[in-house]
1. Please identify the pairs in which a residue from the stretch A:29-43 that is in contact (Cβ under 8 Å) with a residue 24 or more places away in the chain and surrounded by 13 or more Cβ atoms within 10 Å (Cβ to Cβ) has its Cβ atom under 8 Å from the Cβ atom of a residue that is of a type outside the set (Asp, Glu) and not in a helix (DSSP H, G or I), counting only partners at least 6 apart or on another chain.
2. Looking at (1) more than 9 Å from chain A (Cβ to nearest Cβ); (2) outside any helix (DSSP H, G or I), can you tell me which one residue B:71 breaks?
3. Being over 22 Å from residue B:86 (Cα atoms) and within 11 Å of chain B (Cβ to nearest Cβ) narrows it down to one of A:99, A:67, A:33, so name that one.
4. Quickly run through the stretch B:54-79 and pick out the residues that are among the polar types (S, T, N, Q) and under 18 Å from residue B:24 (Cα atoms).
5. Scan the stretch B:128-151 and tell me whether some residue there is touching a residue at least 24 places away in the same chain (Cβ under 8 Å) and under 30 Å from residue B:37 (Cα atoms).
Amino acid sequence: MAYIKWIGDYATGINVIDSQHKRIVHYINQLGDAQNMNEPELTGEVLMNLVDYTLSHFAFEESLMEDVGYDAAAIHIKTHDAFREKIKNYKKRYKAGEDVAEELNQLLNIWLVSHIQDDDGSYVPMVKEKIPEINGDETQSWIKYKIKQFFK
Amino acid sequence: MAHIKWTDDLNTSIQVIDGQHHRIVEYINMLDDISSSHEKDKVEKVLNELVDYTLSHFAFEESLMEDAGYSFINGHKRVHQLFVKRVGDFLQRFKMGEDIVDELLMMLKSWLINHIRSDDNDYVAIVKSNMENINTASNDGWLKKSVKKFFG
């Protein structure tokens, strides 16, 4: 199974999003390990965790896009929906006893990298502009953000 | 199943939050202990307590984030909501007589650990600095009041 190596290019610069993406990468690799070790029980556990965590990440990201008024949010959410549907099917097939790990691993490998680089790349600049917390001094930048919001 | 073991990286350094996380871990471990007994009443009791306590904890945590002006609060709240819905679905299945405890335990364990490490970790700096400001403004009762408000 293919492994993903986290590289600097994948970082969006928004800590909380990067940490979620890293977690997904970790699960994808763990799924490969479980499959290589031929541990069906562990594979099942990782698979469920991976699905749950990805859905949670989507929810977080969608709310962030809405917050900053990202104009392509609807399209982005639609791609999430399509993906949600796909992984729901995998989950169903897995529960019915099918071995879906390899297929899911491949799908996620391709999807995650393009999701980070293409889809997320387009809303991240807006988040950075509107939520300056990521610049470092959180309290200060938040105050500046609020001041800007009310007194611009 | 194995108990959740508290490791240092689960400490947020906000004492009141760590205390609540510890309590949730205790509930999960308690559920783990009695799950093998298959005594539905006992399982149901712990399940309800776990859910109640977790909901209070979420409300408390969200109010800390709000007070501090944490930028990603809406995303964080959305992740909480999704989790509550997920657990609600499990409870529904449990009430219908399905044995969901092992699957639920697996989800709870990984969800909590992921959530503390990634999502909670992200608000710590701003919440902590806000709490310190409030305390130095000789308003020591604020924390006690907040805890009382959510946990009675």
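Each reported figure results from applying straightforward, stated rules to the coordinates on display, with no laboratory input. All values reported here derive from a predicted model rather than from experimental measurement. Cβ atoms come from the backbone with ideal geometry, glycine included; neighbour counts cover every protein chain shown.
1. Listed pairs, sorted by first residue: A:29/A:3; A:29/A:4; A:31/A:1; A:32/A:1; A:32/A:2; A:32/A:3; A:35/A:1.
2. (1)
3. On the way: A:99 fails: within 11 Å of chain B (Cβ to nearest Cβ); A:33 fails: within 11 Å of chain B (Cβ to nearest Cβ).
Of A:99, A:67, A:33, the one residue that is over 22 Å from residue B:86 (Cα atoms) and within 11 Å of chain B (Cβ to nearest Cβ) is A:67.
4. If we filter the stretch B:54-79 for residues that are among the polar types (S, T, N, Q), which is where we start, we get B:54, B:56, B:63, B:71, B:74.
Within the stretch B:54-79, B:54, B:56 meet the criteria.
5. Checking the stretch B:128-151: at least one residue is touching a residue at least 24 places away in the same chain (Cβ under 8 Å) and under 30 Å from residue B:37 (Cα atoms).
Table: residues versus (1) surrounded by fewer than 18 Cβ atoms within 10 Å (Cβ to Cβ); (2) of a type in the set (A, V, I, L, M).
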| position | (1), (2) |
| --- | --- |
| B:78 | no, no |
| B:83 | no, no |
| B:90 | no, no |
| B:93 | yes, no |
| B:101 | no, yes |
| B:107 | no, yes |
| B:114 | no, no |
| B:120 | no, no |
